[in-house]
1. Output the residues belonging to region 50-76 that are assigned to a helix (DSSP H, G or I) and surrounded by 20 or more Cβ atoms within 10 Å (Cβ to Cβ).
2. Hand me the list of strands (runs of 3 or more DSSP E) wholly inside region 220-321 holding 3 or more residues that are modelled with pLDDT of 95 or more, assigned by TED's automatic domain parsing to the domain that holds E137 and surrounded by 17 or more Cβ atoms within 10 Å (Cβ to Cβ).
3. Would you be able to say whether some residue in region 87-106 is farther than 28 Å from H160 by Cβ, crowded, with 24+ Cβ neighbours inside 10 Å and either in contact with a Leu (Cβ under 9 Å, 6 or more places away or on another chain) or of a type in the set (S, T, Y) (or both)?
4. Somewhere in region 49-65, is a residue modelled with pLDDT of 95 or more and over 22 Å from R6 (Cβ atoms)?
5. Here's a check for you: in region 46-60, which residue that is more than 13 Å from A269 (Cβ to Cβ) and charged (D, E, K, R) is nearest to the chain's Cα centre (by Cα)?
6. From A353, A385, A414, A401, grab the single residue that is under 15 Å from L300 (Cβ atoms), surrounded by 19 or more Cβ atoms within 10 Å (Cβ to Cβ) and either at pLDDT below 90 or within 25 Å of the chain's Cα centre (by Cα) (or both).
7. Before we move on, is T471 of a type in the set (S, T, Y) and either part of a helix (DSSP H, G or I) or surrounded by fewer than 20 Cβ atoms within 10 Å (Cβ to Cβ) (or both)?
8. Could you please let me know if R81 is modelled with pLDDT of 95 or more, assigned by TED's automatic domain parsing to the domain that holds Q244, assigned to a loop (DSSP other than H, G, I, E, B) and under 30 Å from L245 (Cβ atoms)?
Amino acid sequence: MDDEQRRAPYVRQWVAYLDEGVVPFSTPGHKQGRGAPPEFCAVFGSRALQLDIPHDGGTYDSHLTSDPLEEAERLAARLWRARDAVFLVNGSTTGNLAALLTLGRPGRPIVVTRAMHKSLLAGLVLGGARPVYVVPEVHCESGMLLDVAPESVEQALAAHPDATAVAVVSPTYTGVTSDLPRLAAICHERGVPFFVDEAWGPHLPFHPELPPAAIPSGADLAVTSLHKLAGALTQTALLLIAGQLVDPARLRAAVAMVQTTSPAAFLYASLDATRRRLALEGEQLLARTLELAERARAALAAIPGLRVLGPEIIADRPGAGFDRTRLVVDVQGLGLTGLEAKRRLRRDHGVAAEMADLVSVVCLLTLGDAPETIEALVHAFTALAREQGAQRRDTAVSGLAALLRATGPIVAGAPQVLTPREAFFASTERVPLARAVDRIAAEPITPYPPGIPVVAPGEAIRREVVEFLETGIAAGMRFNGASDPTLATVLVVQE
């Protein structure tokens, strides 16, 4: 390990602000907590509010000889084996928006996975690129999205030789990684930049038993969320640049357009501290996490009615990988939807899962887990199975499961009639969901989580998508992006 990684320059300068005894006549207006609501101070803590300072004028000011952010980003770039790194404080969403603004061109094709996060779709709307969608494989039993086949990217680039970039998501929300070295090679043979939304993989570089990370695998650009699985505060992420196909100056200009102009210093400090911890202890901490994950996987699989999906789902997918810190628990055998199981785990047993769909519940294991958290998780699922009792063999979920398997064709999308930007800015009208079949969507409709749009602006809405949405509504699925969150009506392009 590089001895430089023992340093945390941003953390040092952030804490030094208090030692200076500064009397602020600047933002934030709560003035080190003195102007904050008393009940918030009591809960949050006075020292925490004293350190809620801005970057400009706080941690960094004109009287300082160097900007600690530049040094902290340089250390992060070295640790992630990148040429440059940008600290993000609006999550990986910022990185996805900036990436598509940098790599896309209005009206030009860009090859992008259809199983994209909604922020990538927003980047298409903002930048005006014309998406050429590639569709990931689908696990036939669970409906889980798998990897993006290299062959599909090859075919897309062959059909669209003027594509400006390729963008994929790896790992998926449920832990499946694509064959990134092969995808990078395909892109670079054609001189095309390769971007990976690696929001769910900040920990991948730090243990040999985890799938390969994006930058070491040849990606030119990657975004990764340290807040999700690596121990940093909510909203923190990294944008990593490698190779020579991405212009760092253009990328930083794009970040400046979409990221707040008032970044909180404590978020930058959290990124710096987390980078140092991963450098010093990452492999050791992740070894413990992986051990706990295997213990949890075995205990949950022993509960009648549960099935825990794991690396076996990609056994026949050469080059694909699986992040074993992800627990995907199929609850069909309990006669429940994943949505209902997630609600009951939280309401009745005090366990909060990350996400659920019509079939499964997904739980994340991270550096913050310990034997007692695993015990609580297993106890909660055991109690849930016991409560179901004789209903365990109920097959009421099977119809929902069959519909969820239609995720494959749903994510494939209907024929794209307009670009997302053209549809977003078109004249629109509102119609009942049942009457939206074959109409061109003017807004995204996104089950959240996982945040993958089943309807994207510019696509014709297919009948099976409407049926999926109607079933999801009945099962309590939550949707994001639609202007009518009940989905009683949807926005379509005016005929």
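The values are calculated or read from the model by the stated rules, or taken from the named source; none is laboratory data. Treat the numbers as computed from the prediction; the structure is a model and nothing was measured. Methodologically, a virtual Cβ is constructed for each residue, glycine included, from the backbone with ideal geometry; neighbour enumeration extends over all protein chains shown.
1. Result: P68, L69, A72, E73, L75, A76.
2. Answer list for region 220-321: 221-224, 237-241.
3. Just the residues of region 87-106 that are farther than 28 Å from H160 by Cβ, to begin with: 87-91.
Adding the requirement that they be crowded, with 24+ Cβ neighbours inside 10 Å leaves 87-88.
When the remaining residues are screened for being either in contact with a Leu (Cβ under 9 Å, 6 or more places away or on another chain) or of a type in the set (S, T, Y) (or both), the result is 87-88.
Checked region 87-106: at least one residue is farther than 28 Å from H160 by Cβ, crowded, with 24+ Cβ neighbours inside 10 Å and either in contact with a Leu (Cβ under 9 Å, 6 or more places away or on another chain) or of a type in the set (S, T, Y) (or both).
4. Just the residues of region 49-65 that are modelled with pLDDT of 95 or more, to begin with: none.
Looking for residues that are modelled with pLDDT of 95 or more and over 22 Å from R6 (Cβ atoms), one finds none in region 49-65, hence no.
5. D56
6. Answer to the selection: A353.
7. The answer is yes for T471.
8. Against the criterion (modelled with pLDDT of 95 or more, assigned by TED's automatic domain parsing to the domain that holds Q244, assigned to a loop (DSSP other than H, G, I, E, B) and under 30 Å from L245 (Cβ atoms)), R81 qualifies.
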